[in-house]
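The values are calculated or read from the model by the stated rules, or taken from the named source; none is laboratory data. Small disclaimer: the values here were computed from a predicted structure and weren't measured. Neighbour counts are summed over all protein chains in view; Cβ atoms, including those assigned to glycine, are modelled from backbone coordinates with ideal geometry.
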Amino acid sequence: MERLNTDLDAAFERAIRAVDRAASKGMATMSGDSAAPQLAHLRAELETARLAALESGTPPDAGWLQQTIRWVTDWAPESDLTLLASLGAIARVVK
């Protein structure tokens, strides 16, 4: 269980850093609009899920993770897979 928490915390940390990097670079959505609102929402979601998982000692809900990944694929540009890869890392830890 401790290993899961350590790996999960590290995966969440990497995902949050990926969001922060995308925000600092001024990432745009596939439509060309600023991705700032989506990135802020994603960061908040990741922080909330991370805290809940670490406090409860259980991984995040798979449904939440799937929904989040689908949502990111709707707006993230195909040329930048960093965000999706970081969410995939969380999914691999949970698996």
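Structure summary
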{"item": "Given (1) of a type in the set (Ser, Thr, Tyr); (2) closer than 19 Å to Arg92 by Cβ; (3) touching a residue at least 40 places away in the same chain (Cβ under 8 Å), number of the condition Thr29 does not satisfy", "result": "(2)"}
{"item": "Scan of the stretch 45-82 for residues that are among the aliphatic types (A, V, I, L, M) and either without any contact (Cβ under 8 Å) to a residue 12 or more places away in the chain or closer than 19 Å to Asp7 by Cβ (or both), ordered by number", "result": "Leu46, Ala49, Leu51, Ala52, Ala53, Leu54, Ala62, Leu65, Ile69, Leu81"}
{"item": "Which listed residue, of Ser56, Ser24, is more than 22 Å from Val93 (Cα to Cα) and either within 15 Å of the chain's Cα centre (by Cα) or not aromatic (Phe, Trp, Tyr) (or both)", "result": "Ser24"}
{"item": "Boolean, Ala40 is under 17 Å from Arg92 (Cβ atoms) and of a type outside the set (Phe, Trp, Tyr)", "result": "no"}
{"item": "Subset of the stretch 1-30 [surrounded by 13 or more Cβ atoms within 10 Å (Cβ to Cβ), in a loop (DSSP other than H, G, I, E, B) and among the hydrophobic types (A, V, I, L, M, F, W, C)]", "result": "Met27, Met30"}
{"item": "Any hit, the stretch 35-44, residues being among the charged types (D, E, K, R), at pLDDT 95 or above and within 11 Å of the chain's Cα centre (by Cα)", "result": "yes"}
{"item": "Count of the stretch 56-95 residues which are among the hydrophobic types (A, V, I, L, M, F, W, C), buried (at least 17 other Cβ atoms within 10 Å of the Cβ) and part of a loop (DSSP other than H, G, I, E, B)", "result": "1"}
{"item": "Single unsatisfied condition, Leu51 versus (1) under 14 Å from the mean Cα position of the chain (by Cα); (2) surrounded by 12 or more Cβ atoms within 10 Å (Cβ to Cβ)", "result": "(2)"}
{"item": "Qualifying residue in the stretch 32-44 (condition: surrounded by 12 or more Cβ atoms within 10 Å (Cβ to Cβ) and in contact (Cβ under 8 Å) with a residue 40 or more places away in the chain)", "result": "yes"}
{"item": "The stretch 31-55, residues that are in a helix (DSSP H, G or I) and hydroxyl-bearing (Ser, Thr, Tyr)", "result": "Thr48"}
